[in-house]
């Protein structure tokens, strides 16, 4: 067997695993139940809550990630390696552990001040905090990769044309990295949408309050409602695949504009 | 080393690859910090390590033409040239002068290398710089485009009335374009390198000799003084 066929075979194995899991959802698919669940108030609340919090968190994450990623990509400064390593924290530590760390912090003197003023625990603000902490590092890492791809000579050209560092960042770097930044934002949004462990730990699972779509799936499963669980998973997958399809379309263009 | 270049004159820094030619003009432009030294344009001191002065690149009014074709790929040719221009009329004048006005709506990727370098020169000149620095701008071009741009720069250097510093590894190009030549080898000025090259360059094309002025081309040492005037012809 040639290497080409062997490598394609491996990719088909991975595809089969995920396709099998998705197809198994249809074993419990009932059209009437699907429609009833989609239109139920509780599901709609969870869906809107998930989309809204994911959107707000993505905007905040990208806002912090853009300058941070640029600093990590372009500058040498004290503590750079530590910061660069800590960006990996959401990826190496389980979301539940991150949620636990948030709760532990909120029980420290400094944390109590924040909790008293923002009331994070068991509120929507807790969802935002949990999702932000799990996604901002990922956003910075993705956007840093975009900036790493942009040759420095374009910034040097901008400087020789009289532009300051700030002007160069907004007039050269961001426009050139636009496609990649949008892709990074979309992937951050998808991660925030699917965030479960930290959100459940910090904000709890109160219906019509802090029950996001992933938490609703967990609650249905906990009560042995397989059909309901399958419906909610289908909704989440539908949104996720729709987003990923958009990413694939954008990914046809390079990370930085060359046209 | 020390170098100087007057208004309306073109100084060619010549040397083999890795000699430090590009480093010199990057230091002048403020893109790289030197260990020590002084750079001044007339009475304006751009950098003086002794006095602790170091203007950033954006504050030094230079025009820099990079070796690689470096235009912003997401902008049209017109927008590239107009990027730092204060006078839009000047943008159109430059585009017409360098015969790329018809390409103003195109993206850099869609045009030829010669056209891209013309765009780069226009972009550098649109800012009305006080010094023009060119880093082997013609090295990636074919012979015809090199000749066209060389002739254009020879014509323009007096009109611009600013110092022009041109880095090249091609001594023939330097002989054809420059008022002064500074040969650099391993970061040092080595006049003998250029002399030896000219004296032993049997392959020097006689037709090129017709373009060189009578009396040959002055070669400067590291004090900026003319070392000797050598005939560039091998006759």
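General observations
- Of all residues making up segment B:35-52, the number that are closer than 19 Å to residue B:163 by Cα and surrounded by 13 or more Cβ atoms within 10 Å (Cβ to Cβ): 6
- Boolean, residue B:121 is away from chain A (no Cβ under 11 Å) and more than 22 Å from residue B:170 (Cβ to Cβ): no
- Complete set of residues in segment A:192-216 that are surrounded by 22 or more Cβ atoms within 10 Å (Cβ to Cβ) and in a loop (DSSP other than H, G, I, E, B): A:195, A:210, A:211, A:212
- Within segment A:85-177, helices (runs of 4 or more DSSP H) holding 3 or more residues that are out of contact with any helix residue (DSSP H, G or I) (no Cβ under 7 Å at 6 or more places or on another chain), within 14 Å of chain B (Cβ to nearest Cβ) and more than 20 Å from residue A:198 (Cα to Cα): A:153-160, A:165-168
- Qualifying residue in segment B:33-45 (condition: touching a residue at least 60 places away in the same chain (Cβ under 8 Å), within 14 Å of chain A (Cβ to nearest Cβ), more than 13 Å from residue B:123 (Cβ to Cβ) and within 17 Å of the chain's Cα centre (by Cα)): no
- Listed by first and then second residue, the pairs with beta-carbon distance under 9 Å, at least 6 apart or on different chains, first residue in segment A:1-12 and modelled with pLDDT under 95, second surrounded by 10 or more Cβ atoms within 10 Å (Cβ to Cβ), are A:1/A:9.
- Any hit, segment A:217-226, residues being in contact (Cβ under 8 Å) with a residue 60 or more places away in the chain, surrounded by fewer than 16 Cβ atoms within 10 Å (Cβ to Cβ), under 16 Å from residue A:48 (Cα atoms) and in contact with a helix residue (DSSP H, G or I) (Cβ under 8 Å, 6 or more places away or on another chain): no
- In segment B:124-147, of all residues being touching a helix residue (DSSP H, G or I) at 6+ places or on another chain (Cβ under 7 Å) and in a helix (DSSP H, G or I), the one that is farthest from the other protein chains (Cβ to nearest Cβ) corresponds to B:145.
Quick grid of which residues meet (1) within 17 Å of residue B:126 (Cα to Cα); (2) part of a loop (DSSP other than H, G, I, E, B); (3) modelled with pLDDT under 90; (4) within 14 Å of another protein chain (Cβ to nearest Cβ):
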{"position": "B:18", "(1), (2), (3), (4)": "no, yes, yes, no"}
{"position": "B:26", "(1), (2), (3), (4)": "no, no, no, yes"}
{"position": "B:50", "(1), (2), (3), (4)": "no, yes, no, no"}
{"position": "B:58", "(1), (2), (3), (4)": "yes, no, no, yes"}
{"position": "B:64", "(1), (2), (3), (4)": "yes, no, no, yes"}
{"position": "B:70", "(1), (2), (3), (4)": "yes, yes, yes, yes"}
{"position": "B:80", "(1), (2), (3), (4)": "yes, no, no, yes"}
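- The condition of being surrounded by 11 or more Cβ atoms within 10 Å (Cβ to Cβ), in contact (Cβ under 8 Å) with a residue 12 or more places away in the chain and over 22 Å from the mean Cα position of the chain (by Cα) holds for only one of A:89, A:49, A:72, A:25, that being A:25.
- Failed item, numbered, when residue B:99 is tested on (1) outside any strand (DSSP E or B); (2) within 14 Å of chain A (Cβ to nearest Cβ): (2)
- Looking across segment B:171-189 at every residue that is surrounded by 15 or more Cβ atoms within 10 Å (Cβ to Cβ) and farther than 25 Å from residue B:40 by Cβ, the one that is modelled with the lowest pLDDT is identified as B:185.
The values are calculated or read from the model by the stated rules, or taken from the named source; none is laboratory data. Computed from a predicted structure; not experimentally measured. Cβ coordinates were reconstructed from backbone atoms using ideal geometry, including for glycine residues, and neighbour counts include every protein chain displayed.
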